[in-house]
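Presented below is the structure to which this report refers.
The values are calculated or read from the model by the stated rules, or taken from the named source; none is laboratory data. Everything numeric in this text was worked out from a predicted model, so none of it was measured. Every residue, glycine among them, receives a Cβ derived from its backbone with ideal geometry; neighbour counts consider all protein chains shown.
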Amino acid sequence: MLNPITSEKYVFFEQPAVVGHVYMQLHDGVGRLKKQTEDHNLVVNVGLASMAARLHNDAEGKITHIAVGTGDTAPAGGQTGLVTEVNRQAISGATVMTTLVTDDSVQYTATFGPGQGTGALKEAGLVTATKMWCRVVYGEYNKEADDTLTITWVVQIKN
């Protein structure tokens with residue numbers, strides 16, 4: 001990267017990263033655990049740009065929903081939405097937490113209750129009102145009409 005004033009190259013000694021971890025639990029209509037997984041996600045290019053913009057101003061808006069869909073195309077940096085979104089639910093809780101260093105992560109949780117986001121779910125995204133920041137593809141979750149799916153998404157900024 002060139003310094004626009006002196007044309008000298010900046011030297012970066014550390015390579016910080018933004019990483020995400022997704023935890024999913026599917027319960028049947030009487031509360032029995034049917035399936036659970038943990039996976040890593042991809043922070044897509046729009047998400048990285050939106051994070052940088054939020055450092056500058058609040059115009060980008062904050063993450064407000066988790067979306068689910070049936071697409072199984074591998075995550076790629078240029079994606080701007082789920083392949084086949086079927087439902088999105090508002091974040092019911094967002095908290096700052098400590099993973100490696102104090103306050104280096106944010107945890108988001110959304111619940112897809114009975115009748116919400118049913119079907120053969122294979123993808124999820126962390127989204128604002130207009131943009132997808134993160135996407136994950138996972139083993140199929142067959143969410144029936146009386147099932148409840150809880151997704152907890154942790155985004156960590158680390159070295």
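The set of residues in the range 79-107 being closer than 18 Å to N41 by Cα and under 15 Å from the mean Cα position of the chain (by Cα) consists of Q79, T80, G81, L82, V83, E85, R88, I91, A94, S105, V106, Q107.
Could you grab me the full set of residues in the range 141-159 that are surrounded by fewer than 21 Cβ atoms within 10 Å (Cβ to Cβ), in contact (Cβ under 8 Å) with a residue 24 or more places away in the chain, farther than 16 Å from V19 by Cβ and touching a strand residue (DSSP E or B) at 6+ places or on another chain (Cβ under 7 Å)?
Within the range 141-159, T148, T150 qualify.
With respect to the stated conditions, T102 is surrounded by fewer than 13 Cβ atoms within 10 Å (Cβ to Cβ) and among the β-branched types (V, I, T). The residues of the range 18-46 that are touching a His at 6+ places or on another chain (Cβ under 9 Å) and without any contact (Cβ under 8 Å) to a residue 12 or more places away in the chain amount to a single one, L33.
Scanning the range 57-76 for residues that are at pLDDT below 95, of a type outside the set (V, I, T) and within 13 Å of the chain's Cα centre (by Cα) returns K62, P75.
Listed conditions (1) without any contact (Cβ under 8 Å) to a residue 24 or more places away in the chain; (2) closer than 19 Å to H21 by Cβ are all met by N57, apart from (2).
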